[in-house]
1. What's the FRET efficiency of Glu174 with Asn110 using the Cβ-Cβ distance as r and R₀ = 45 Å, to the nearest 0.05?
2. Just grab the label-to-label distance for Glu227 and His140, each label 7 Å out from Cα along the Cβ direction, in nm (one decimal).
3. Can you give the FRET efficiency to the nearest 0.05 for Trp251 and Gln133, using r as the Cβ-Cβ distance and R₀ = 41 Å?
4. Tell me the net charge near Leu139. Cut-off is 12 Å between Cβ atoms, Leu139 excluded, with +1 for each Lys or Arg and -1 for each Asp or Glu.
5. Leaving ligands and nucleic acids out of the surface, order Thr141, Thr122, Thr32 by accessible area at 1.4 Å, largest first.
6. Considering the zone a paramagnetic label at Ala125 would reach in this model (a point 7 Å from Cα along the Cα-to-Cβ line), which residues of the range 9-28 have amide N under 20 Å from it?
7. Please identify the trypsin sites (Lys or Arg not before Pro) of the range 111-188 that satisfy two criteria: DSSP loop assignment and at most 16 other Cβ atoms within 10 Å. Which are they?
8. For the pair Lys161 and Trp149, how long in nm is the line joining their label points, each one 7 Å along Cα→Cβ?
Amino acid sequence: MIEILESPDHLVAMKISGSITAEDIDRAYKATEGALKNSDRVSFFAEIGDSLSFTIEGLLKDLWEAVGHIGQMSKYYRAAVVTDKSWIGAAARLEGLVFSNIDVRVFTPNERAKAFGWASATPPALKAPEPPQPSIHLLHTNSSNVIAWEIDGRIREQDIKTAVEHIKPLFEKEGKINALVRIKNYGGFDLLAVLDDDLIKLKFKSASKIEKYAIVGGAPWMRNFLELMNGVVATEIKVFDTYEEERAWEWVGAQQAALPE
């Protein structure tokens, strides 16, 4: 069951234990909606008991409500999870990675008071939204068989749609192509961006279509990941430091061309 605890207006505090039903999930989301009527941003406190399980109806209800609340993620500030179960802590931390705008922290039962105090902090006011600038910029090349782009910022759904629209025609051509991506500033990605249907289809095609894939720049973890992928996919992947960009262009067999007048 889910018990809603007394808390400040901007905090949704819950004690969760036993079997979670669809009614419990509905109660939790209604508490969240009620808090958002009084505050621009809300935080969460969840104290999780020893035994925890979901009924099928409860799980489906949770998934359904979660999809409906994706658009409100910017209004969620902090989430404190109190548990002594390692798998619950791991799941909470994973959610913190996926929904990176929410500060998720896991506390032990002995730290309950600390967790409640941390989650009770008044959220700062939301900044007035600014139109996001494109983060994927297509680069012109002097070869019709080489595509290139630059990543600068957080990748959003619209960035992916625009990039796919430009790249797709090249994938319809006969023969192999090479690709180069310059990573100027990688700010992560929105979940909906990587779930874009056209992008997924394009990724399947790229496995057999792209012969060489050059990456210029990027964080160390990205280099390690891409170099591991080199032995898994048919595409030859090579990572270059920023100062090696000229070598990267030579490797894919093209140069960056000036924009047409």
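The values are calculated or read from the model by the stated rules, or taken from the named source; none is laboratory data. Everything numeric here is computed off the predicted structure, so don't read it as measured data. Positions of Cβ are generated from backbone atoms using ideal geometry, with glycine treated the same way; all protein chains shown enter the neighbour counts. Just the protein is used for accessible areas: all its heavy atoms, side chains included, with ligands, DNA and RNA removed. Shrake-Rupley method; radii C 1.70, N 1.55, O 1.52, S 1.80 Å.
1. On the way: r = 66 Å, r/R0 = 1.46.
So the FRET efficiency works out to roughly 0.10.
2. Computed distance between label sites Glu227 and His140 equals 3.6 nm.
3. Working: r = 30 Å, r/R0 = 0.72.
It comes out at approximately 0.90.
4. Details: positive: Arg182, Lys184; negative: Glu150, Asp152, Glu245.
Result for the local shell: -1.
5. On the way: Thr141 30, Thr122 110, Thr32 10 Å².
If we order Thr141, Thr122, Thr32 from most to least accessible, we get Thr122, Thr141, Thr32.
6. Of the residues in the range 9-28, 9-11 have backbone N under 20 Å from the label point off Ala125.
7. Values: sites: Arg112, Lys114, Lys127, Arg154, Arg156, Lys161, Lys173, Lys176, Arg182, Lys184; in loops: Lys127, Arg156, Lys173, Lys176.
Counting only loop positions with at most 16 other Cβ atoms within 10 Å, the trypsin sites (Lys or Arg not before Pro) in the range 111-188 are Lys127, Lys173, Lys176.
8. Label at Lys161, label at Trp149, 1.4 nm between them.
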